[in-house]
Amino acid sequence: MKWLSHCLAATLICAGATAHAQDYPNKPINIVVPFTPGGVTDVMTRQIAAKLQGDLGQPVVVVNKPGAGTMIASAYVAKAPADGYTLLMAASSLGIAPSLYKNTANYDPVKDFQPVSLIASVPHVLVTGKQVQASNVKDLIAALKKDGKSATFASSGNGTSNHLEGELFAALTGLKMTHIPYKGSVPALTSLAGGEVDMLFVDIAAAQPFLDSGKVRPLAVTTKTRSSVLPDLPTVEESGLPGYDAMPWLGIVAPAGTPPAVVERLQAALQKMKAAPDVQDQFKKMGLDALFTKPTDFGAFIVSDSAKWAELIKKSGATAE
């Protein structure tokens, strides 16, 4: 009879979860952002939240939990109840941070989360200052090799996607490069414009004022294909560096074990935004390419992207500890 009681208990649990999912949502939903307010990720998430709120009929609140290479926010959501009321606006660092912070990482990017939708790619642009005589990627590589000294690349901080983009560039070119981390994209761009570093990979929105003023020079975008935001700018790969492909991304994940019906409800609401002209316009102004994918496609992408950066980190010896 014991097996029967176990089966009955399991059936009741499943029935309760199904009923809960069918009733979803019946209270406010929190979307946790791993960065400070005011940045591209925060602004985009607030736009997404407003759209979701209108579709789901419940308040959708944005909660900022920055710090520790985005691990504070990621770990918080990983340990939250798997009921669809606590979500994470994850970034590329979701899969990067555990490999860089081996001693302090407290979540698994694949096992601890349920993918909902890959929201957008965040094309980064490779920029240099006036002190570097290069008008394209080939010229840049030649100029840096000619000097015979260690080249420098800036980033907006240890463990960020533009940190790893620099490491990938060094690995594929064979250049000896020194990473100079800053507390944000603007300080890194200011340093580049002042001639203190040689190059920087940075999101288009942050770089735009510096590009408009001519303080820094764009050479290429990091993604496999050209960006709709800067369609005339070539990719790093087509500019002469085969194999270079770095696509920073943003996407919504929930804690592992979130009921499929809840995930489907969220994804359906997000999918409606894909064809919305105002969303497309807003994303483009922020330097984002809208994606809005299925959960299964996003899950496969997280697996491959995490493995890609883990391999690079292992080979390069990069660390943030």
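Summary table below
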{"quantity": "Top-ranked residue in the range 59-78 [being open to solvent by 40 Å² or more (accessible area, probe 1.4 Å) and aliphatic (A, V, I, L, M); ranked as modelled with the lowest pLDDT]", "calculated": "Ala68"}
{"quantity": "Exclusive hit being touching a strand residue (DSSP E or B) at 6+ places or on another chain (Cβ under 9 Å), open to solvent by 10 Å² or more (accessible area, probe 1.4 Å) and either closer than 30 Å to Thr173 by Cβ or in contact (Cβ under 8 Å) with a residue 24 or more places away in the chain (or both), set Leu266, Leu288, Leu230", "calculated": "Leu230"}
{"quantity": "Answer residue from the range 177-202, given it is charged (D, E, K, R) and modelled with pLDDT of 90 or more and is surrounded by the most Cβ atoms within 10 Å (Cβ to Cβ) among those", "calculated": "Asp198"}
{"quantity": "Failed item, numbered, when Gly240 is tested on (1) open to solvent by 20 Å² or more (accessible area, probe 1.4 Å); (2) among the small types (Gly, Ala, Ser); (3) closer than 24 Å to Ser93 by Cβ", "calculated": "(3)"}
{"quantity": "Number of the condition not met by Val263 [criteria: (1) at pLDDT 95 or above; (2) closer than 24 Å to Val197 by Cα; (3) among the β-branched types (Val, Ile, Thr)]", "calculated": "(2)"}
{"quantity": "Single residue of Leu168, Leu200 found to be more than 13 Å from Thr128 (Cβ to Cβ) and either in contact with a strand residue (DSSP E or B) (Cβ under 8 Å, 6 or more places away or on another chain) or hydrophobic (A, V, I, L, M, F, W, C) (or both)", "calculated": "Leu168"}
{"quantity": "Exclusive hit being modelled with pLDDT of 90 or more and within 20 Å of the chain's Cα centre (by Cα), set Ala320, Ala207", "calculated": "Ala207"}
{"quantity": "Residue among Ala318, Ala246, Ala310, Ala276 that is farther than 20 Å from Ser161 by Cβ, out of contact with any Pro (no Cβ under 7 Å at 6 or more places or on another chain), open to solvent by less than 50 Å² (accessible area, probe 1.4 Å) and small (Gly, Ala, Ser)", "calculated": "Ala276"}
{"quantity": "The one condition in (1) under 24 Å from Pro109 (Cβ atoms); (2) in contact (Cβ under 8 Å) with a residue 24 or more places away in the chain that Asp245 fails to fulfil", "calculated": "(2)"}
{"quantity": "In the range 212-227, residue modelled with the lowest pLDDT [restricted to those that are in a loop (DSSP other than H, G, I, E, B) and crowded, with 20+ Cβ neighbours inside 10 Å]", "calculated": "Ser227"}
{"quantity": "Restricting the range 155-175 to residues that are at pLDDT 90 or above and open to solvent by 30 Å² or more (accessible area, probe 1.4 Å), the residue that is farthest from Leu100 (Cα to Cα)", "calculated": "Gly174"}
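The values are calculated or read from the model by the stated rules, or taken from the named source; none is laboratory data. Bear in mind that the values here come from a model prediction, so they are computed numbers and not experimental data. Note that each Cβ is placed from the backbone with ideal geometry, even for glycine, and that neighbours are counted across all protein chains shown. Side chains are part of the model used for accessible areas, which takes the heavy atoms of the whole protein and leaves out ligands, DNA and RNA. Shrake-Rupley method; radii C 1.70, N 1.55, O 1.52, S 1.80 Å.
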